[in-house]
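One structure below.
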Amino acid sequence: MKNNLVSFDVLQEKIFTIRNKRIMIDRDLAELYGIETKKLNQAVKRNLSRFPDDFMFQLTDEEQKELVTNCDRLKRLKFSTSNAYAFTEHGVTMLSSVLNSKQAIEINVQVVRAFIQLRQFALENKDLAKRVAELEHYFIQHCKDYKTDIEDIREAIDLLMDRTKSTKIGFKVE
């Protein structure tokens, strides 16, 4: 990691959606901070009061299995003796105060910016979907002859939005 800078694409690959929350797992964060996962988790355990359930939680066996199944780079989790910890955006922010190193602070700023960009992306897609629905409603009401064209356009936009979501945000683990 040159100058402790990590590209948005690299960070984005490390953000997952689990329990309807965007999270990063302890192993990925430790790698970014340049420390062992064990040390990161020890620092967290010494400061558990700073990490309520909406900041951090431990993956269930099913969630961890799903991560391993869907993400080749996490195959080593399959043989882990304990399940990974998941940190929400707020949990990642809290890590900078617990780890208190220059690298941790710099990386946290980048990670928080990545979470913000993903949230903005989701909001923009939501707005686009609303506008398409409004357009569709207008055309259906006023242009009965063009109904199949509108349905084709709607289907194409839905496909584009789905494709963008899957490459931009990652996958969802339930």
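The values are calculated or read from the model by the stated rules, or taken from the named source; none is laboratory data. Because the structure is a prediction, the values reported are computed rather than measured. Virtual Cβ from ideal backbone geometry, glycine too; neighbours counted across all protein chains shown.
For I23, are the conditions met, namely being touching a residue at least 60 places away in the same chain (Cβ under 8 Å), in contact with a Phe, Trp or Tyr (Cβ under 7 Å, 6 or more places away or on another chain), among the β-branched types (V, I, T) and under 24 Å from Q120 (Cβ atoms)?
yes
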Per-region count, the range 92-110, residues touching a residue at least 60 places away in the same chain (Cβ under 8 Å) and either under 14 Å from F57 (Cβ atoms) or among the polar types (S, T, N, Q) (or both): 4
Matching residues in the range 26-48 - criterion: being in contact with a Leu (Cβ under 8 Å, 6 or more places away or on another chain) and without any contact (Cβ under 8 Å) to a residue 24 or more places away in the chain: A30
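Identify the residue in the range 65-93 that is part of a helix (DSSP H, G or I) and touching a Phe, Trp or Tyr at 6+ places or on another chain (Cβ under 6 Å) and, among all such residues, is modelled with the highest pLDDT.
G91
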Selection from the range 14-31 of residues that are within 20 Å of Q103 (Cα to Cα) and out of contact with any strand residue (DSSP E or B) (no Cβ under 6 Å at 6 or more places or on another chain): R27, D28, L29, A30, E31
Some residue of the range 66-79 being touching a residue at least 12 places away in the same chain (Cβ under 8 Å), under 23 Å from Q120 (Cα atoms) and aliphatic (A, V, I, L, M): no
